[in-house]
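The values are calculated or read from the model by the stated rules, or taken from the named source; none is laboratory data. Everything quoted here is computed from the prediction, not taken from an experiment. All Cβ positions, even for glycine, are placed from backbone atoms using ideal geometry, and neighbour counts span all protein chains on display. Heavy atoms of the whole protein, side chains included, go into the accessibility calculation; ligands, DNA and RNA do not. Shrake-Rupley method; radii C 1.70, N 1.55, O 1.52, S 1.80 Å.
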Amino acid sequence: MENIATVTAVHRDRYELSMDTGTTTEIFYGRLKAAAFYNSTEIVPFPTVGDRVMVSQNTGGDSLILEVMERKSVFMRLNATQGLPDQAVAANFDYVFITMSCNKDFHPAKLERFLTAAWQSGGTPVILLTKSDLMQERERILAQVSAKAAGVDTYCISAYTGEGISQLEKYFVSGAVIVLLGSSGVGKSSLVNVLLGEEQMATGSIRESDSQGRHTTTYKQMFDIPDRILLPDGNTIKGGGRIIDTPGIRKLVMGEGTDGIDLTFEDIAALASQCRFSDCRHQTEPGCAVKQALADGMLDIKHWKMYLSLQKEEAYAKARQQIITRRMEKAKRRR
């Protein structure tokens, strides 16, 4: 019997599915890997948490995923196996909660990278500065965030005291999906536990040596947010929707489009539009507004170098995609 389902968890050898019929089952995915790879020319043929899939349901055992439906948003990371497609981290989300700790995890360059990936994913970024109860330089950090992410909603929150979490109420809407994006140990799982009202996710204590949280999440999982959320301070707020927690991400793949880069680096895009030549590479061309801004100290050199780095990654991702697509099409023709 075929049915539509949502992937709610990805384990080493199984997917957990929430069927549209209201039942939940698990499937073995070893056969899926071979079938999906050789019967598809998509760059990412394997399901991930948040995916909508067509399933051949087997009530007496494992079911089989037949098809991954088109995604409206997705995060990718490099496949550890050379020559294979990049791996999807999460899919079909509406909001990207970029989580960065207020103690020693916060770094402007990391924020630029996550923000670019969030815009390119197709979701709407929201910045959460976690562990605000440990925050010592609030105004300085908020000023840095404002400079890097003008117009992006930003909140200082604490899963320990409940500070700022009530301001997130507008994102908890029936049908909406939130994905948490951030490094290991920044408090993603602690936030999930607060929203769910129970210890669903393991959490680690803060290391005294560097004030960093310990990595705890080991697999991708989606949860239903309850209709009412009890905060640590005793107040309650409206809930709803779903939230995806993922292991800390070390290396996201930049997408093909440049929209994410342009949105994150709007200042550089504006300068580039003032260059004498429309195809200016900002190297030796005369009348380059970007070079002039760097020389005048109006454009931060670190900000510029990150922009160049992400552009290179985007070009590399596009080249890899073309190579893998050709290989998969060639494999299909040999069958």
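I'd like the full set of residues that are at pLDDT below 90, of a type outside the set (A, V, I, L, M, F, W, C) and open to solvent by less than 60 Å² (accessible area, probe 1.4 Å), limited to region 62-81. Within region 62-81, Ser63, Asn79 qualify. Looking for whichever is part of a helix (DSSP H, G or I) and modelled with pLDDT under 85 here; the options are Ala143, Ala150, Ala109, Ala118. Which one fits? Being part of a helix (DSSP H, G or I) and modelled with pLDDT under 85 holds for just one of Ala143, Ala150, Ala109, Ala118, which is Ala109. Condition check for Ala176 on (1) at pLDDT 95 or above; (2) open to solvent by 40 Å² or more (accessible area, probe 1.4 Å); (3) among the small types (Gly, Ala, Ser): one failure, at (2). For region 264-279, residues that are open to solvent by less than 80 Å² (accessible area, probe 1.4 Å) and at pLDDT below 90 total 8. Between Ala159, Ala202, the distinction of being assigned to a loop (DSSP other than H, G, I, E, B) and modelled with pLDDT of 85 or more belongs to Ala159 only. When region 122-143 is filtered for residues that are open to solvent by 10 Å² or more (accessible area, probe 1.4 Å), closer than 23 Å to Glu169 by Cα and small (Gly, Ala, Ser), only Gly122 remains. In region 52-61, the residue that is nearest to the chain's Cα centre (by Cα) out of those that are over 15 Å from Asn92 (Cα atoms) and buried (at least 16 other Cβ atoms within 10 Å of the Cβ) is Val55.
Counting the residues of region 82-100 that are open to solvent by 10 Å² or more (accessible area, probe 1.4 Å), part of a strand (DSSP E or B) and modelled with pLDDT of 95 or more gives 1.
In the condition set (1) within 27 Å of the chain's Cα centre (by Cα); (2) at pLDDT below 75; (3) open to solvent by 60 Å² or more (accessible area, probe 1.4 Å), Asn39 is compliant with all but (1). The one condition from (1) more than 28 Å from Trp119 (Cβ to Cβ); (2) at pLDDT below 75; (3) β-branched (Val, Ile, Thr) that Thr236 does not meet is (2). Within region 214-233, none of the residues are at pLDDT below 85, touching a helix residue (DSSP H, G or I) at 6+ places or on another chain (Cβ under 7 Å), of a type in the set (Phe, Trp, Tyr) and part of a loop (DSSP other than H, G, I, E, B). Within the option set Lys131, Lys104, being at pLDDT 85 or above and among the basic types (Lys, Arg) holds for one residue only, Lys131.
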